[in-house]
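Asks: Sharing a structure below in structure tokens format, with a few things to ask.
The values are calculated or read from the model by the stated rules, or taken from the named source; none is laboratory data. Here the structure is a predicted model, which is why all the values come from computation and not from measurement. Heads up, the Cβs are rebuilt from the backbone with ideal geometry, glycines too, and the neighbour counts pull from every protein chain shown. Heavy atoms of the whole protein, side chains included, go into the accessibility calculation; ligands, DNA and RNA do not. Shrake-Rupley method; radii C 1.70, N 1.55, O 1.52, S 1.80 Å.
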Amino acid sequence: MAPVMKISLAVVMCFMVATALYAVDGAVTCQTVVTSLTPCATYLTRGGQVPPACCNGITSLYKAASTTTDRQTACKCMEQAAGMVPGISLDAASSLPGKCGVNIPYKISPTTDCSKVH
């Protein structure tokens, strides 16, 4: 299996584990986050150009997270998944929304307190 495929598969698997950890009532679930961010896996671990499919996923996730609960769920899912995937560049993760033209109301970081996201 090619190295990029292994990394992408590892990212998807970790996102799937995170999905099971944070299931709440709302429009955004961890499965939504997984589906939206899977195209970003290579960029988050290897850098380079942000794939258009990644920005499409970021944009659709941003639009889906219309309530405080949705945004907190997305934050928790991203935080959980990022902690499970070795090699994710935190700089790449935190810059990703801006590179896709999306302004999220919190910083993507392991130190973000998702309960304070509004």
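Asks: In whole Hz, with x marking every Gly and Pro, tabulate ³J(HN,Hα) for region 71-76 from phi via Karplus 6.51 cos²θ - 1.76 cosθ + 1.60, θ = phi - 60°.
Replies: For region 71-76, the Karplus-derived couplings read 5, 5, 4, 4, 4, 4 Hz, x marking Gly and Pro.
Asks: Taking all protein chains together and a probe of 1.4 Å, list 84, 78 from the most accessible to the least accessible.
Replies: Values: 84 55, 78 35 Å².
Highest to lowest solvent-accessible surface, that is 84, 78.
Asks: Let me ask you something else. Which one, 87, 61, 112, is farthest towards the positive end of the dipole of region 58-114 when Lys and Arg carry +1 and Asp and Glu -1 on their Cβ?
Replies: After comparing all options, I get 61.
Asks: Could you order peptides 89-95, 69-75 by the average number of other Cβ atoms within 10 Å of their residues, highest first? Don't skip to the answer; put the middle values down first.
Replies: Numbers: 89-95: 14.3, 69-75: 22.1.
Result, highest mean Cβ count within 10 Å first: 69-75, 89-95.
Asks: Report the dimensions of region 57-105 along its three principal axes from the alpha-carbon atoms, largest first, rounded to Å.
Replies: Largest first, region 57-105 extends 30, 22, 17 Å along its Cα principal axes.
Asks: Treating only the Cβ atoms of Lys and Arg (+1) and Asp and Glu (-1) as charged, compute the dipole magnitude of region 71-117 about its Cα centre; round to the nearest 20 debye. Please list the in-between numbers first.
Replies: Details: 5 positive and 3 negative charges, 29 e Å.
In debye, rounded to 20, region 71-117 gives about 140.
Asks: Heavy atoms only, 1.4 Å probe, whole protein assembly: order 43, 62 by accessible area, highest first.
Replies: Values: 43 10, 62 110 Å².
The most accessible residue leads, giving 62, 43.
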